[in-house]
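The values are calculated or read from the model by the stated rules, or taken from the named source; none is laboratory data. Bear in mind the structure is a predicted one, so any value in this text is a computation, not a measurement. Quick reminder, even Gly has a Cβ in these numbers, built from the backbone with ideal geometry, and neighbours come from all protein chains shown.
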Amino acid sequence: MLIKPVTWMAAAIAGALVVGLAGCATTQRPVLYPNAKLQREGNELAQRDIDDCMKLAEEHGVSAGSDARVAREAGEGAAVGGATGAVAGAIGGRSVGESAAAGAAIGGVAGGVRGAVRSDRPSQAYRGFVQRCLRERGYEVIGWQ
């Protein structure tokens, strides 16, 4: 019975870590080529235009997708970890249920951390929306960082 409290405590601590990492992640922003428009308007106005385009994307239902990515990868990790834990428990002669729970907790945390680390990358649709908005305003997006 020692495994259950340790497993749940570790999962709770790791879950808090995942939420913390997701909250700390900063979303990438477009990088603009220094064309005539950017040189004429200046970086401060260009950053406001970027903010406006990002807000416009959100208002039209195109989200950056970072929260969904964290949740999806945590779920995938939990599924893989649970299956792996169940098999390891069965082979090792341990309780399959407890081994599956431990594996799911570990896999969920690993997937969540991976999703949180990658959550700064906006979805392809979001990037496309923001890039088109900026292009229509005369800017040239050369990448995201």
Exactly one of (1) modelled with pLDDT of 95 or more; (2) touching a strand residue (DSSP E or B) at 6+ places or on another chain (Cβ under 9 Å) is unmet by ARG137. Its number?
-> (2)
Condition met for ARG114 (modelled with pLDDT under 75 and either more than 30 Å from GLY42 (Cα to Cα) or outside any strand (DSSP E or B) (or both)) = yes
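Can you say whether GLU44 is more than 13 Å from PRO122 (Cβ to Cβ), of a type outside the set (Phe, Trp, Tyr) and modelled with pLDDT under 95, as far as the supplied structure shows?
Working: more than 13 Å from PRO122 (Cβ to Cβ): yes; of a type outside the set (Phe, Trp, Tyr): yes; modelled with pLDDT under 95: no.
Spelling it out, it is not the case that GLU44 is more than 13 Å from PRO122 (Cβ to Cβ), of a type outside the set (Phe, Trp, Tyr) and modelled with pLDDT under 95.
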Identify all residues within the range 121-143 that are assigned to a helix (DSSP H, G or I) and within 12 Å of GLU58 (Cα to Cα); write none if there are none.
-> ALA125, TYR126, ARG127, PHE129, VAL130
Within the range 74-111, can you find the residues that are of a type in the set (Ser, Thr, Tyr) and at pLDDT 75 or above?
-> THR84, SER95
